[in-house]
Amino acid sequence: MQPGLHQLKLDRRALLYVPQNARGPFAVLLHGAGGEPDRIIARFRPQADEFGVVLLATKSRDRTWDAMSGRFGPDVSFLDRALNAAFEVCNVDARRLAVGGFSDGATYAVALGLANGDLFSHVLAFSPGFLIPLPRHGSAQFFLSHGTRDPILPIEGGSRRIARELRRVGLTVKLREFDGEHTVPPEVANEAFRWLSGGKS
């Protein structure tokens, strides 16, 4: 597919961003509550361009993602269709296939990574809120980041607790704490995408 931002022809909004130097790594990005696909792509587009990562962002059916209530539903079904559509037009390195997100999207990404660790090799979770109790399949690697002064989803009940639980079951976790609130500093996003692309972070 030609470089640039593309709207996939599906029954709900799904955007595919292909950087000029696409190298095989691929990341699904999940917006926070009330968010939009174009906003999360814009947030991480500089990193996609620098590290050659193709981005896919879909829209939740409701204000936030279905599994936030404890079970998967129409959002994950739509995401599956969007992934299939993207895979038809992009070359994807299965060793660098990530699911990621911010806030509620990060919480959902952790759940998808746990439940589909045989598909997703990496999880990029920026300020997740909690661990959704779902059956685990496979062994994805996890990059968690969180501001130590986050007033919306506090770090202790969020990334620190999630990291402890994931490590307890033998999963590989990198926890990146930073002095800040509910956000993703550019340098943290850079570390995450460098980690996904196989460099040191």
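Quick one: compute the contact order of the stretch 124-182, relative version, from alpha carbon pairs under 8 angstrom and 6+ residues apart, as a percent. Relative contact order for the stretch 124-182 comes out at 44 percent.
The long axis of helix 74-89 is offset from the longest Cα principal axis of the chain by roughly 40 degrees.
Compute, for the stretch 48-88, the length of the dipole vector about the Cα centre, with Cβ point charges of +1 (Lys, Arg) and -1 (Asp, Glu) only. Units Debye, rounded to 20. If you can, show how the numbers build up before the last one.
Values: 5 positive and 7 negative charges, 56 e Å.
Dipole of the stretch 48-88, to the nearest 20 debye: 260 debye.
Counting only Cβ charges, +1 for Lys and Arg and -1 for Asp and Glu, the dipole size of the chain around its Cα centre is about 320 debye.
When the accessible area of the chain is split by element with a 1.4 Å probe, what percent falls to carbon and sulfur? Before the final figure, lay out each step's value.
Details: 4210 of 8930 Å².
Ligands and nucleic acids excluded, carbon and sulfur reach 47 percent.
Principal-axis analysis of the Cα atoms of the chain puts helix 104-115 at an angle of about 90° to the longest axis. Take the chain with all the other protein chains still there, run a 1.4 Å probe, and you get 44 Å² of accessible area per residue. Given a 1.4 Å probe and the protein chains as shown, Thr64 ends up with an accessible area of around 40 Å². For the chain, the longest principal axis of the C-alpha atoms and the axis of helix 186-196 are separated by about 70°.
Once R0 is set to 22 Å, what does the formula 1/(1 + (r/R0)^6) return for the Cβ-Cβ distance between Ala94 and His137, expressed as a FRET efficiency to the nearest 0.05?
On the way: r = 15 Å, r/R0 = 0.70.
The formula returns an efficiency of 0.90 here.
Please give the residues of the stretch 1-44, grouped as numeric ranges, whose backbone N is less than 15 Å from a label point set 7 Å along the Cα-to-Cβ vector of Arg81. Counting backbone N atoms under 15 Å from the label point, the list is 8-15.
Can you grab the distance from the C-alpha centre of the stretch 8-26 to the C-alpha centre of the stretch 40-98, Å, no decimals? After rounding, the separation between the Cα centres reads 8 Å.
Counting pairwise Cα distances across the stretch 1-88, what percent come out greater than 16 angstrom?
50 percent
Candidate values (i) 51, 35, 29; (ii) 42, 35, 30; (iii) 56, 36, 30 were compared with Cα extents along the principal axes in Å computed on the shown model; the agreeing label is (ii). Taking every C-alpha pair closer than 8 Å and separated by at least 6 residues, the mean separation divided by the residue count of the stretch 54-161 gives a relative contact order of 21 percent. Evaluated with a Cβ-only charge set (Lys, Arg +1; Asp, Glu -1), the stretch 1-95 carries a dipole of roughly 140 debye about its Cα centre, given to the nearest 20. Each Cα pair under 8 Å and six or more residues apart adds its sequence gap; the mean of these over the residue count of the stretch 1-90 is a relative contact order of 30 percent.
The values are calculated or read from the model by the stated rules, or taken from the named source; none is laboratory data. These figures come from a predicted structure and were not determined experimentally. Here Cβ is always computed from backbone atoms with ideal geometry, including for glycine, and neighbour counts include all displayed protein chains. Ligands, DNA and RNA are excluded from the accessible area calculation, which covers all protein heavy atoms including side chains. Shrake-Rupley method; radii C 1.70, N 1.55, O 1.52, S 1.80 Å.
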